[in-house]
1. Compare K43, K17, K26 in a GNM of the chain, Cα atoms joined below 10 Å, and give the one with the largest fluctuation.
2. Tell me, what is the FRET efficiency for D20 and I73 to the nearest 0.05, using R0 = 30 angstrom and their Cβ-Cβ distance as r?
3. Which cross-chain or sequence-distant (5 or more) residues have an amide H under 5 Å from the amide H of T11, H modelled 1.01 Å from N in plane?
4. What is the gain in length, in nm to one decimal, between R62 and T11 on full extension, counting 0.36 nm per residue of separation less the C-alpha to C-alpha distance?
5. Would you mind telling me which residue in S55, S39, S16 has the biggest mean-square fluctuation in a Gaussian network model of the chain, where springs connect alpha carbons within a distance under 10 angstrom?
6. Is the shape of the chain rounded, prolate or oblate, going by the alpha carbon gyration tensor and its root eigenvalues a ≥ b ≥ c, with a/c under 1.5 for rounded and a/b larger than b/c for prolate?
7. Work out the length of the dipole vector of the range 2-73 about its Cα centre, built from +1 on the beta-carbon of each Lys and Arg and -1 on the beta-carbon of each Asp and Glu, and round it to the nearest 20 debye.
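Read-outs: derived from the displayed coordinates by stated rules, not from any lab. What you see is a predicted model, and the numbers here were worked out from it, not measured in a lab. Quick reminder, even Gly has a Cβ in these numbers, built from the backbone with ideal geometry, and neighbours come from all protein chains shown.
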Amino acid sequence: MLSLSQLPVYTDAEISKINDPDLEQKLLEMGCTPGEIISVVRKAPFKGPIAIMVSSYMLSIRFSDACKIDVNIKNGS
């Protein structure tokens, strides 16, 4: 298991757990639930934001928030 911040670009993963109740609530409202498949699209340098594809939309997440999201890499990615 990795955190979202460790996931390489163009890699698909399944959200396993969100380790912050406030962040979890915000992400739930945007459709990012445990079990959802996401894909890292872009990563800004120097621990900048991470762009992910969720369902059919792109979402940008702070690096510090991405560290609080546990993911499992999907086979074949």
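1. Maximum among the listed residues: K26.
2. Numbers: r = 21 Å, r/R0 = 0.71.
With a Förster radius of 30 Å, E is 0.90.
3. Placed amide hydrogens put V40 under 5 Å from T11.
4. Between R62 and T11, full extension yields 16.6 nm more.
5. Of the options given, S55 has the highest mean-square fluctuation.
6. Working: a/c = 1.31, a/b = 1.08, b/c = 1.21.
Because its axes are fairly even, with a/c under 1.5, the chain counts as rounded.
7. 340
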